[in-house]
Amino acid sequence: MNIGIIGSGGREHSLCFKLKESVLVDKIFCFPGNAGTRLIAKNINLDITDFEKIHKTCEKEKIELIVVGPEKPLVDGIVDYFKDTKIKIFGPNKICSQLEGSKTFTKKLCEKYKIPTSDFKIIYEEKSAFNYLQTVDYPLVVKADGLAAGKGVYICKSHNDAKKAVKEIFDGRFGKADCVLIEQFLSGEEMSYFIICDGSTYKFFQTAQDHKRVGENDTGKNTGGMGAYSPSRLYCNNLDEKIKEKIIKPTLMGIKDLGTSYRGFLYIGLMIVENEPFLIEFNVRMGDPECQTILPILESDLGELIQACCDKKLSSFNIKWKQKKSVCVVLCSNGYPDNYKKNIKIDQIKNIKLHQNEYIFHAGTKIENGEYFATGGRVLNIIAISENFRRSKDQTLKILNDINWKEGFFRKDIANKVI
Ligand code: AMP
Ligand code: GLY
């Protein structure tokens, strides 16, 4: 069958790569894709908020199944749009996508179903928020309610920081704000935990540890993710049981009580405090760069797996994993996550010869006359899998050394905690 993938980042290149290996897949189309997906799929440059246009293109190209990478089209209801068409689409519907699209929706669900999360308060007026901020301890966390491309979260060390955050949110930095979320700061270690769901069954889809801060030793600004390793060092059977019992089960029950069901990937962002899981956030998609880190260790056929989910046959699908350790390092443009130059040539990339178990997934890249150019902040994802984290990491660093891109930088300490 022909498949359409929506998105243009490293996550989508890795999905494209893994689906290309599937026995079920003929042609792949990426909307709009990047220079990496272009090597294995046909990129179609269209506005991904225009569902009608996507639909027409799918009909023209005989695409039978769409896989959605990023959150925005899901939150905007792309799955609901395609429900009455002949084209299958893999991802959660609009109601379920509120798990990511509205932080207050998720917090209310946590409250109702007693899901462990940080204490919180939702405040609808700037003045009430300022008053409340005088009564609390610091640090604390201030969040905008809706999608903010990873930027709507402020970790505030002082009353002043928190006031500034509240003001920015109500001033509309992330769009019109009806409320702010003020949360207790949780101190622990984060873990990204993934499941895949078919609407009635779900299965574990690995763990990973992202590195969100731009600087080494987790310093500096938050980014989309500077690298990851998988599986997470925190993962064990005991924690797994707690996550399933205390977080996944009540969440899926809450979704069921809303009269719907969850189909797609679900990313559970956790803070682990003394071996207890606390929910920080849900994302209704795979993580980026977690997806690029995890898919190379997936042994099973991803096309068959997604097909099984669309047919509600996940319960009889045995997801197999390679017993390997994966490390992903993200190469970024100098200046990221602030301003950076665009259209900078990446000279060496075309000369890199990858060995088995090594992967490069493109993010913000384009190709012109056989030359590659960086167009985004996060540019390339370099991944290696092997028997141990040290070896995987060394392999990624060797590739980065060979790419030797002077206009970019990367964190050299990815996965150091497990090495
Ligand atoms: P979010 O977009 O909600 O995932 O927040 C982005 C990042 O902010 C998370 O990955 C955490 O590192 C941090 N964070 C969010 N909420 C909290 C919290 N309640 N306590 C501590 N850190 C948090
Ligand atoms: N890696 C964080 C995210 O995908 O949101």
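The values are calculated or read from the model by the stated rules, or taken from the named source; none is laboratory data. Computed from a predicted model, the values in this text were never measured in an experiment. Using ideal geometry, Cβ is built from the backbone for each residue, glycine included, and neighbour counts are taken over all protein chains shown.
Annotations for the structure displayed:
- Residues of the stretch 168-203 satisfying the condition of being at pLDDT below 90, in contact with a strand residue (DSSP E or B) (Cβ under 9 Å, 6 or more places away or on another chain) and not in a strand (DSSP E or B): Phe174, Ala177
- Gly264 being outside any helix (DSSP H, G or I), buried (at least 22 other Cβ atoms within 10 Å of the Cβ) and within 12 Å of ligand 2 (Cβ to nearest atom): no
- Among the residues of the stretch 357-375, those identified as assigned to a loop (DSSP other than H, G, I, E, B), modelled with pLDDT of 95 or more and not β-branched (Val, Ile, Thr) are Asn357, Ala363, Gly364.
- Among the residues of the stretch 227-249, those that are over 27 Å from Ser200 (Cβ atoms) and aliphatic (A, V, I, L, M) comprise Ala228, Leu234.
- Filter result (surrounded by 24 or more Cβ atoms within 10 Å (Cβ to Cβ) and part of a helix (DSSP H, G or I)) within the stretch 1-26: Gly10, Arg11, Glu12, His13, Ser14, Leu15, Cys16
- When restricted to residues that are exposed (fewer than 13 other Cβ atoms within 10 Å of the Cβ), under 30 Å from Lys322 (Cα atoms) and in contact with a helix residue (DSSP H, G or I) (Cβ under 9 Å, 6 or more places away or on another chain), the stretch 354-384 contains 1.
- Residue in the stretch 110-142 that is farthest from ligand 1 (Cβ to nearest atom), counting only those that are part of a helix (DSSP H, G or I) and either touching a His at 6+ places or on another chain (Cβ under 8 Å) or farther than 27 Å from Leu239 by Cα (or both): Lys127
- Cβ-Cβ under 6 Å pairs, at least 6 apart or on other chains, the stretch 281-298 side more than 14 Å from Ile383 (Cβ to Cβ) and modelled with pLDDT of 95 or more, far side assigned to a helix (DSSP H, G or I) and away from ligand 2 (no atom under 11 Å from the Cβ): Phe282/Leu99; Phe282/Thr106; Val284/Leu74; Val284/Ser97; Val284/Leu99
- Residue satisfying all of: in the stretch 279-329; among the aliphatic types (A, V, I, L, M) and assigned to a strand (DSSP E or B); farthest from ligand 1 (Cβ to nearest atom) among these: Leu298
- Qualifying residues in the stretch 204-219 (those that are within 16 Å of ligand 2 (Cβ to nearest atom) and part of a loop (DSSP other than H, G, I, E, B)) - the one nearest to Ser102 (Cα to Cα): Lys212
- For first residues located in the stretch 152-176 and without any contact (Cβ under 8 Å) to a residue 40 or more places away in the chain, partners that are more than 16 Å from ligand 1 (Cβ to nearest atom) and among the polar types (S, T, N, Q) and lie 6+ apart or on another chain with Cβ distances below 9 Å form the pairs His159/Gln134.
- Where a residue in the stretch 244-270 is touching a residue at least 12 places away in the same chain (Cβ under 8 Å) and its partner, wherever it lies, is of a type in the set (Gly, Ala, Ser) and assigned to a helix (DSSP H, G or I), with Cβ under 9 Å and at least six apart: Gly264/Ser97
- Filtered by the rule that a residue be part of a helix (DSSP H, G or I) and in contact (Cβ under 8 Å) with a residue 40 or more places away in the chain, the stretch 39-56 gives a lone residue, Ile54.
- When Thr85 is tested against (1) of a type in the set (S, T, N, Q); (2) without any contact (Cβ under 8 Å) to a residue 24 or more places away in the chain; (3) more than 16 Å from Cys179 (Cβ to Cβ), only condition (2) is not met.
- Residue within the stretch 153-162 that is within 30 Å of Leu298 (Cβ to Cβ), within 16 Å of ligand 2 (Cβ to nearest atom), at pLDDT below 90 and within 22 Å of the chain's Cα centre (by Cα) present: yes
- The one condition in (1) aromatic (Phe, Trp, Tyr); (2) outside any strand (DSSP E or B); (3) in contact with a Leu (Cβ under 9 Å, 6 or more places away or on another chain); (4) touching a residue at least 40 places away in the same chain (Cβ under 8 Å) that Phe105 fails to fulfil: (4)
- Filter result (under 30 Å from Lys256 (Cβ atoms), among the charged types (D, E, K, R) and either more than 13 Å from ligand 1 (Cβ to nearest atom) or crowded, with 23+ Cβ neighbours inside 10 Å (or both)) within the stretch 187-233: Asp198, Lys203, Asp210
- Within the stretch 57-71, the residues that satisfy the criterion of being without any contact (Cβ under 8 Å) to a residue 60 or more places away in the chain, assigned to a helix (DSSP H, G or I) and in contact with a strand residue (DSSP E or B) (Cβ under 9 Å, 6 or more places away or on another chain) are Thr57, Cys58.
- Selection count where residues are of a type in the set (S, T, N, Q) and at pLDDT 95 or above, scope the stretch 220-245: 4
- Residue in the stretch 84-95 that is more than 16 Å from ligand 2 (Cβ to nearest atom), surrounded by 15 or more Cβ atoms within 10 Å (Cβ to Cβ) and of a type in the set (S, T, N, Q) present: yes
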